[in-house]
Amino acid sequence: MWADFQSLCDGGGRLAGSASEAAALAFARQRLAVVPNAKVRDDSVEYPGWRCRTAQLTNAMTGLSLQCTPLLGTASAVGLVAEVLDLGLGRTEDFEGHANRIRGRIVMVRHEYPFAAGHVHRRVKLGLAEQMGAVGFLIAHPEPGVGAVSGSSGRNGGTGIPALGIGVEVAKMFQRSPDVTLPAARIVIDGDDHPARTHMLIADLPGRGPNWVVVSAHIDGHSHGESAMDNATGVAVALGLARLLAAHVSGCPRGLRVCLFSAEEWGLIGSRIWLEQMDTAARRSMLININLDTVGGALGLTALTSGFERLDTWVKDTAARAGLPIATHLPLMANSDHANFAARGIPAVRLLAGFNAPNSNLRLLLTAADTRDKVRPEELDHALRVATALTWQALVADDATLSSLAARRSTPTSQTAPI
Ligand SMILES: [Zn+2]
């Protein structure tokens with residue numbers, strides 16, 4: 001498992017559509033092909049792709065060129081020059097407090113630690129900026145020395161405004177000051193929308209019956225760094241789990257389906273389209289989703305249980321019985337592929353390291369500092385134990401127990417947009 005993790009990191013950040021992603025898919029396909037009894041296939045998915053030739057941010061007063069990274073799928077800009085309005089964190093109240101100053105300006109906000117109750121996601125802030133008439137958007141990572149933060153713009157071929165990630169050093173040039181005049185920036189983004197195609201790697205290990213326990217992890221990432229925590233960790237653990245359980249699934253009442261999704265970083269679109277393309281019976285045969293996304297970088301896992309109350313209790317009890325107690329968080333957090341299963345009524349849980357631990361290595365997610373040195377082998381071992389305990393109990397549970405996990409008191413509302 002550790003060697004798989006290293007190999008995934010060796011190939012770079014695995015941005016969907018890049019050679020790095022293609023190489024990672026080829027590697028994972030080869031690793032799944034040697035799992036005994038696994039039937040491996042590629043499910044093709046078309047999604048709104050995007051490529052960027054140039055992204056430049058300049059201090060319009062000094063002409064100084066500044067480090068930046070385009071948010072995935074951002075709208076283009078041909079030499080946009082505008083004043084930069086610093087809205088601090090960029091919470092709703094920050095936008096409302098400056099409502100009459102936003103139109104025609106570039107707004108600047110801060111990136112927040114994504115795995116905490118109450119955080120406000122980049123796409124919420126970008127949505128507010130666009131709605132309130134901003135002509136551009138800058139989002140800054142708060143930590144010195146780690147450079148620009150990346151992320152998806154969520155535009156997916158629609159309209160939008162030019163949006164760039166920056167580092168704290170660049171943000172300092174544009175930060176709020178008592179001066180009446182605002183600093184100005186120039187943005188050039190030359191990007192192209194184009195139809196793209198990628199593959200979801202599916203490995204089926206059949207059980208006695210027609211239904212499936214689905215273990216998933218997204219293989220794609222961002223172009224800078226190694227996308228090591230997010231999500232070479234989840235893919236390595238999913239591969240390890242497949243090997244561990246392969247010899248035991250055929251006697252279970254249902255089968256194990258391992259899904260390595262791509263285009264997750266594009267607003268969760270890969271798994272969403274994959275689920276949409278499936279007929280109802282095929283979707284119904286998937287009884288539970290255990291999604292592994294960012295399971296290293298901090299010791300200790302939290303299960304995000306997507307508003308399914310019985311699932312929440314089942315996860316807690318099952319992990320405790322295995323001697324691996326984990327915390328759970330019941331409200332739906334639509335921050336990974338499990339959210340697409342939950343939206344279809346399939347009980348879905350995301351295992352995640354670093355929840356409510358803003359000082360952990362997970363703070364470096366989406367930056368060039370998401371590299372393999374932030375992950376320890378024992379974190380992956382722990383994640384494998386927890387994931388295997390949950391998956392095995394889901395494989396052997398009686399039908400009534402498993403179908404009861406789909407119970408929800410009411411339709412949950414999303415607290416978080418996709419990361
Ligand atoms: Zn992820």
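Ratio of Rg to Rh for the chain: 0.99 [Cα atoms; Kirkwood radius as inverse mean 1/r over pairs]. Here segment 50-191 is treated as a sphere whose radius is the Kirkwood value from Cα pairs; by Stokes-Einstein at 4 °C and 1.567 mPa s it diffuses with a coefficient of 88 µm²/s. Taking all Cα pairs closer than 8 Å and separated by 6 or more residues, the relative contact order of the chain comes to 21 percent.
Think of the chain as having a plus end and a minus end, set by charges on the Cβ of Lys, Arg, Asp and Glu; of ALA196, ALA400, PRO142, ALA400 sits farthest toward the positive end of this dipole. If the segment from ALA400 to SER285 were pulled out straight at 0.36 nm per residue, it would be longer than the present Cα-Cα gap by 40.0 nm. In a fully extended conformation the segment linking LEU299 and GLU93 would gain 70.7 nm over its present Cα-Cα distance, using 0.36 nm per residue. In the chain, the DSSP-assigned H stretches of four residues or longer account for a calculated mean residue ellipticity at 222 nm of -8500 deg cm²/dmol, using -39500 (n - 2.57) per stretch and the full residue count as denominator. Each Lys or Arg adds one and each Asp or Glu takes one away; over the other residues whose Cβ falls under 12 Å from the Cβ of GLY191, this sums to 0. Rounded to the nearest Hz, the phi-derived 3J(HN,Hα) couplings of segment 193-200 under the Karplus curve 6.51 cos²θ - 1.76 cosθ + 1.60 (θ = phi - 60°) are 7, 7, x, 10, 9, 9, 10, 9, where x marks glycine and proline. Its relative contact order, with pairs defined as Cα atoms under 8 Å and 6+ residues apart, puts segment 50-191 at 40 percent.
The string of couplings for segment 127-142 from the Karplus curve (6.51, -1.76, 1.60, θ = phi - 60°) is x, 5, 4, 5, 4, 8, x, 5, 9, x, 9, 10, 10, 10, 6, x Hz, one whole number per residue in order, with x for Gly and Pro. What net charge is computed for the residues neighbouring PRO70, neighbours being all others with C-beta under 14 Å from the C-beta of PRO70, Lys and Arg scored +1, Asp and Glu -1? Computed value for this residue: 0. Counting only Cβ charges, +1 for Lys and Arg and -1 for Asp and Glu, the dipole size of segment 241-331 around its Cα centre is about 360 debye. Placing one equal scatterer on every Cα of segment 143-205 and applying the Debye formula, the log10 ratio I(q)/I(0) at q = 0.15, 0.20 Å⁻¹ is -0.75, -1.02. The gain in end-to-end length when the ASN356 to VAL180 segment is fully stretched comes to 59.5 nm, 0.36 nm per residue minus the alpha carbon separation.
Note on segment 185-321: along the principal axes its Cα atoms extend 61, 38, 30 Å, ordered by decreasing extent.
Segment 381-396 and segment 335-376 have Cα centres separated by 18 Å.
Coordinate-derived values only; no laboratory data. Not measured: the values here are computed from a predicted model. Counting neighbours? That spans all protein chains shown, and the Cβs are built from the backbone with ideal geometry, glycine included.
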